[in-house]
Amino acid sequence: MAKPTGISTYAVNLFPHLKLLNPTLLVSQKIDNFSCYPIPQNLTPEQGTKGHLSRLLWTQFHLPKIYQKLKSNLLFSPLPEAPLYSGCRYVVTVHDLIPLRFPKRFSPLTSYNRYFLPLVLSQAQHIICDSESTAKDVINFFDIPSEKVTAVLLAHDANHFRFLDLPSCNYFLYIGRHDPYKNMLRLIEAFAALPKCCDCELWIAGSFDKRFTPVLKAAAEQLNISDRVKFLEYVPYGELPIIINQAIALVFPSLWEGFGLPVLEAMACGTPVITSNISSLPEAAGDAAIMVNPYNVGEITEAMQAVANDAGLRSHLRQAGIARSKLFSWEKTGQATAAVLQRYL
């Protein structure tokens, strides 16, 4: 994919560790050393709403036929979609329930999570979640028995995201989408409240979104800081470790996350992290980041000022972050996922 999503990153890193289960991968492009079954290429988020709709229809009407043809006894879906009332036994992964926590009027995602997802989860053999926080959401939102849900924490590519010992540059960094639940308006306000002597910039890495980005740019302009807030657009995967390594800190004050991969990736790079004290983010960050109340602009400002001014604090967070990141690996995530699947084969 030209711009990999979190779910595609999850799938690509997970599947090599499921090889012992001898799976057949349903993929649009063959993957070496795996048994593969070809599926259409027009089922991805890159095709927008049309791609999502095509995938849902394909899942309901074509996937059961493939399941029968391959004489399968279990389907694993790396996202919470599966054929209903079809006789297919399946395990799905739920990454988050953000469309229900922050519903958008007329959004197909909100409707899917509200009306279709409960059916998928009730008919699943088991449900894997990215964090204990998401597992609790699944149990509480849909009244799913806790024994049917397992939290398997995500990981990062340790060969890619690592400390590079590059000269530090004078910018705070945010990585991610521009949706309101990402809390970027408060981040921009917090940055604007830094003392004038803190002569730094705020770099925002993430695809331009015509629904939300203009609001953020207007806020920066209104606060007279548009010359110090840089919208980088989508940053290619290969360039991410460089801009993370050179940042003063990653600031990620999201109002809710299924896991929070940027937090783990920044810690692996030895970059100080400021993040929220709610949802799954404490599970990723542990005690290796500065945790703030994401609804409190003053707390975010204080944390940014502390990191910018205190070399000792930056050094402590660098060492703590690198040590914390070593507790996570795709091998661990894969083995835990395989153990769940093995129970239902």
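The values are calculated or read from the model by the stated rules, or taken from the named source; none is laboratory data. These numbers were taken from a predicted model, which means no experiment stands behind them. As a convention, Cβ positions derive from the backbone with ideal geometry for all residues, glycine included, and neighbour counts pool all protein chains shown.
Some notes on this structure:
- Within the stretch 203-238, tally of residues that are under 18 Å from the mean Cα position of the chain (by Cα) and not aromatic (Phe, Trp, Tyr): 9
Yes/no matrix, rows are residues, columns are (1) more than 18 Å from Ser279 (Cβ to Cβ); (2) modelled with pLDDT of 95 or more; (3) not basic (Lys, Arg):
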position	(1), (2), (3)
Phe161	yes, yes, yes
Leu164	yes, yes, yes
Ser168	yes, no, yes
Tyr171	yes, yes, yes
Tyr174	no, yes, yes
Leu187	no, yes, yes
Ala193	yes, yes, yes
Cys197	yes, no, yes
Glu201	yes, yes, yes
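- Residue check for Thr337: in contact with a helix residue (DSSP H, G or I) (Cβ under 8 Å, 6 or more places away or on another chain), in the same structural domain as Ser72 (by TED's automatic domain parsing), within 30 Å of Pro103 (Cβ to Cβ) and of a type outside the set (D, E, K, R): yes
- Sole exception among (1) under 16 Å from the mean Cα position of the chain (by Cα); (2) over 22 Å from Tyr171 (Cα atoms); (3) among the acidic types (Asp, Glu) for Asp287, by number: (1)
- Failed criterion for Ala268 (all others in (1) free of Cβ contacts under 8 Å to residues at least 12 places away in the same chain; (2) touching a Gly at 6+ places or on another chain (Cβ under 8 Å) hold): (1)
- Taking every residue in the stretch 81-106 that is in the same structural domain as Val149 (by TED's automatic domain parsing) and of a type in the set (Asp, Glu) and pairing it with any residue that is surrounded by 15 or more Cβ atoms within 10 Å (Cβ to Cβ) and part of a loop (DSSP other than H, G, I, E, B), at least 6 positions away or on another chain, the pairs with Cβ-Cβ distances below 6 Å are Asp96/Gly258.
- Residue-level check: of (1) under 18 Å from Tyr10 (Cα atoms); (2) in contact with a helix residue (DSSP H, G or I) (Cβ under 6 Å, 6 or more places away or on another chain), Val292 misses just (1).
- Total residues in the stretch 234-265, condition buried (at least 24 other Cβ atoms within 10 Å of the Cβ) and either assigned by TED's automatic domain parsing to the domain that holds Asp96 or without any contact (Cβ under 8 Å) to a residue 40 or more places away in the chain (or both): 2
- The residue that is surrounded by the fewest Cβ atoms within 10 Å (Cβ to Cβ), among those in the stretch 103-156 that are β-branched (Val, Ile, Thr) and over 30 Å from Leu327 (Cβ atoms), is Thr110.
- Meets criteria (of a type in the set (A, V, I, L, M, F, W, C), in a helix (DSSP H, G or I) and within 29 Å of Pro272 (Cβ to Cβ)) for Ala339: no
- Condition met for Gln305 (more than 20 Å from the chain's Cα centre (by Cα) and farther than 23 Å from His178 by Cβ): yes
- Entry remark, the stretch 321-345: residues being surrounded by 19 or more Cβ atoms within 10 Å (Cβ to Cβ), farther than 17 Å from Leu74 by Cα and over 17 Å from the mean Cα position of the chain (by Cα) number 2 in total.
- So Leu187, is it crowded, with 21+ Cβ neighbours inside 10 Å and under 20 Å from the mean Cα position of the chain (by Cα): yes
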